[in-house]
Every structure is written in structure tokens, then in C-alpha cells.
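**Student:** Below is the structure I would like to discuss, written out as C-alpha cells.
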Amino acid sequence: MIEWYDDAFRVEEKKYGLWDSYDKEGKGLITSLTEEQCVTATRWYLKQIQENTLDKTLEKTYTLEVGGKL
């Protein structure tokens, strides 16, 4: 059974003991070391989005490119 926090997100334990949170659409939100930290950080994150106070410059996107000849 899936437990929904604040009727907005869920958390689940992943590999190596990490915890991930997901919104209702299944989009990954936060990764943390403990379940408690994951819930707390996700609540903060969603509150910032709701209040439109999240600094978008903090969000990172990573790409991997291998240069050179193999």
C-alpha cells in the first residue's frame, strides 16, 4: 500500500538505503539519506513551488558526453 504525504507525494526506499520522493504523476522530486529527511525536504520543496519562491538557478541538469575516438 502506498502512503501519500499531505495527499501530494510519496516516498520509497531505493538501492543502498536512499529514499526518493515522487509526486502524483510519478515525477521524482527529492533523494535523501533517511525517510524523515526525504519527507521534510519534499515538503519544503513543494511549498517553495507553491509560493513561487524557488530559486530556479539551484536546479541542475546534467549531461554526459564522451569526447575523443574510441
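The values are calculated or read from the model by the stated rules, or taken from the named source; none is laboratory data. Bear in mind the structure is a predicted one, so any value in this text is a computation, not a measurement. Neighbour counts run over all protein chains shown; Cβ positions are idealised from the backbone, glycine included.
**Student:** Kindly indicate the residue of segment 2-23 that is of a type in the set (A, V, I, L, M) and closer than 19 Å to Gln48 by Cβ and also surrounded by the most Cβ atoms within 10 Å (Cβ to Cβ) among those meeting that condition.
**Tutor:** From segment 2-23, those of a type in the set (A, V, I, L, M) are 2, 8, 11, 18; that's our starting set.
Imposing the further condition that a residue be closer than 19 Å to Gln48 by Cβ reduces the set to 8, 11.
Values: Ala8: 14, Val11: 22.
My answer is Val11.
**Student:** Going by the structure shown, is Leu46 part of a strand (DSSP E or B) and modelled with pLDDT of 90 or more? First the steps, then the outcome.
**Tutor:** On the way: part of a strand (DSSP E or B): no; modelled with pLDDT of 90 or more: yes.
When the stated conditions are applied, Leu46 does not pass them.
**Student:** Ok, one more. Looking at (1) at pLDDT below 75; (2) closer than 16 Å to Glu3 by Cβ, find the lone condition where Lys56 falls short.
**Tutor:** Here Lys56 meets the rest and fails (2).
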